[in-house]
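Participant: First the structure, then my questions, so here it is.
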Amino acid sequence: MGWEEAVTSMKEGIQIPELLQEIEVSNPVAPMFLSDGQVRDAWAGVMPDLVRFGQSEAVTLVVNDATRPACYPMIEPIEQILCDKVRILFATGTHRPVTQDEKSTLLGDCFSDAPWKSSNCDSPDMVYLGKTPNGTPVSMDPWLLDGNPVIAVNSVEPHYFAGYTGGRKSFLPGVSSRESIVMNHFHACLPGSLPGKLDGNPVHTDMMEALSLLEDRVEIVQGNGVNHRGRLVHFYAGTCRESFLKASGASAVLSTVSVPYKSPVVILHPGEPLDINLYQSEKAIYNCQSVVEDRGYLLLISSCVEGLGADHLEKAFIASMDEGWNTPGRHQYNLGDHTIVRLKNMRKRINLALCSTLPDSIVEGMGIEPVHDIESWITQKKCDRPIFIPGAGFVVPVAPEN
């Protein structure tokens with residue numbers, strides 16, 4: 001996503017200066033978009049499984065919610081094989097339910113008559129599978145555990161504490177209970193929970209262990225895709241593990257952005273659909289804060305048309321300014337505390353600013369500088385080498401240490 005895409009995605013009331021185009025840093029890799037035939041070929045290796053699944057009483061198809069890219073380019077090739085057996089389960093985690101309009105956007109014309117629902121993390125019907133070795137109790141949506149096969153389709157990009165989205169995240173947090181999600185997310189307070197990192201990442205490890213509990217009881221096929229500029233460029237189908245590892249490897253190549261230097265002024269646009277709210281947009285901050293010089297400034301540009309996006313977010317930003325707040329233990333952790341841990345560490349080093357449609361009173365209350373004129377703000381910083389990173393929620397920038 002470049003400057004032009006950032007301009008297109010912003011809503012009325014926010015002006016994107018052409019100056020950003022001049023200071024843009026992005027990955028020079030420009031992969032070819034996949035054709036329908038190439039996506040169909042990627043499913044070929046599991047086609048016998050899909051044909052067999054089509055003879056089942058039902059097939060649960062787990063797909064992204066509205067905070068992730070649409071999945072219809074990945075599922076079109078399997079629609080005729082599964083016919084009327086599919087029921088759609090949107091992996092919403094703790095997010096709000098998918099709307100009818102969003103459902104149409106995410107699925108296109110695929111499986112238009114299939115029954116569907118958003119996973120409800122607070123439902124009393126969640127089915128308990130056991131505990132991970134790290135002590136996370138795992139309960140998941142009953143549509144996964146009624147004896148019918150499961151197909152999951154997801155997109156893979158860097159995630160600020162799970163390493164990457166996709167793969168096992170379809171299930172935890174995607175279709176898990178709130179208790180499972182909270183206990184898993186506690187691990188984001190621990191060392192190693194970083195964007196683009198899987199080895200030694202305690203969040204990823206716990207998610208994979210939860211996946212093992214599910215795989216012991218359910219037959220699963222998964223497709224994992226990688227997007228670039230809103231289009232599918234890589235797609236792998238197979239087991240959850242093999243398809244995710246291939247997709248995360250492809251995403252690593254695509255998402256790593258070489259930045260020529262650390263800068264005292266870094267401007268970010270998270271990219272669509274992360275600019276829907278601040279909870280999704282802040283992922284860009286965590287991905288890219290490392291390329292801001294000490295005592296520098298980071299400006300996030302995001303429409304945030306749906307506001308904060310999470311009840312705990314405002315409290316988290318406020319708590320991160322409290323010097324007396326300490327990292328909680330496992331049983332004291334509340335959802336979102338990992339955000340406070342990251343923000344506290346970040347605030348010791350850099351200053352945060354936000355250009356959005358959020359009221360100034362809310363932004364200032366969170367200890368963030370509200371910005372309305374981006375170009376004037378940059379000029380006031382008197383920086384001769386600012387950096388603009390578009391699509392910052394989907395990349396991991398790397399700058400020289402010296």
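The values are calculated or read from the model by the stated rules, or taken from the named source; none is laboratory data. Computed from a prediction, not measured in an experiment: that's the story for all the values here. Cβ sites come from the backbone with ideal geometry, for glycine too, and all protein chains shown count toward neighbours.
Participant: Considering each residue of the stretch 77-98, count those that are buried (at least 18 other Cβ atoms within 10 Å of the Cβ) and closer than 30 Å to Ser180 by Cα, and give that number.
Facilitator: Going through the stretch 77-98 one residue at a time, the tally reaches 11.
Participant: Still on this structure: Restricting attention to the stretch 108-115, does a residue exist that is touching a Ser or Thr at 6+ places or on another chain (Cβ under 7 Å) and either assigned by TED's automatic domain parsing to the domain that holds Glu57 or among the β-branched types (Val, Ile, Thr) (or both)?
Facilitator: no
Participant: Can you tell me which residue is surrounded by the most Cβ atoms within 10 Å (Cβ to Cβ) among those in the stretch 282-312 that are among the charged types (D, E, K, R) and touching a helix residue (DSSP H, G or I) at 6+ places or on another chain (Cβ under 7 Å)?
Facilitator: From the stretch 282-312, those among the charged types (D, E, K, R) are 282-283, 293-295, 306, 311; that's our starting set.
Cutting the leftovers down to touching a helix residue (DSSP H, G or I) at 6+ places or on another chain (Cβ under 7 Å) gives us 283, 306.
Working: Lys283: 23, Glu306: 16.
The extreme case among them is Lys283.
Participant: Can you name every residue in the stretch 189-202 that is within 23 Å of Val257 (Cβ to Cβ) and either among the acidic types (Asp, Glu) or not in a loop (DSSP other than H, G, I, E, B) (or both)?
Facilitator: Within the stretch 189-202, Asp199 is the sole residue that qualifies.
Participant: Turning to a different aspect of this structure: Does Ala316 satisfy the criteria of being in contact (Cβ under 8 Å) with a residue 60 or more places away in the chain, within 23 Å of the chain's Cα centre (by Cα) and within 30 Å of Asp122 (Cβ to Cβ)?
Facilitator: no
Participant: When both residues are 6+ apart or on different chains and their Cβ atoms are under 9 Å apart, which pairs have a first residue that lies in the stretch 64-77 and is in contact (Cβ under 8 Å) with a residue 12 or more places away in the chain, and a second that is part of a loop (DSSP other than H, G, I, E, B) and aromatic (Phe, Trp, Tyr)?
Facilitator: The qualifying pairs are Ile75/Phe111.
Participant: Under 16 Å from Ile387 (Cα atoms) and not polar (S, T, N, Q): is that true of Ile285 in this structure?
Facilitator: On the way: under 16 Å from Ile387 (Cα atoms): yes; not polar (S, T, N, Q): yes.
The answer is yes for Ile285.
Participant: Answer yes or no: is there a residue in the stretch 70-88 that is at pLDDT below 95, closer than 30 Å to Pro202 by Cα and in a loop (DSSP other than H, G, I, E, B).
Facilitator: Scanning the stretch 70-88, I find at least one residue that is at pLDDT below 95, closer than 30 Å to Pro202 by Cα and in a loop (DSSP other than H, G, I, E, B), so the answer is yes.
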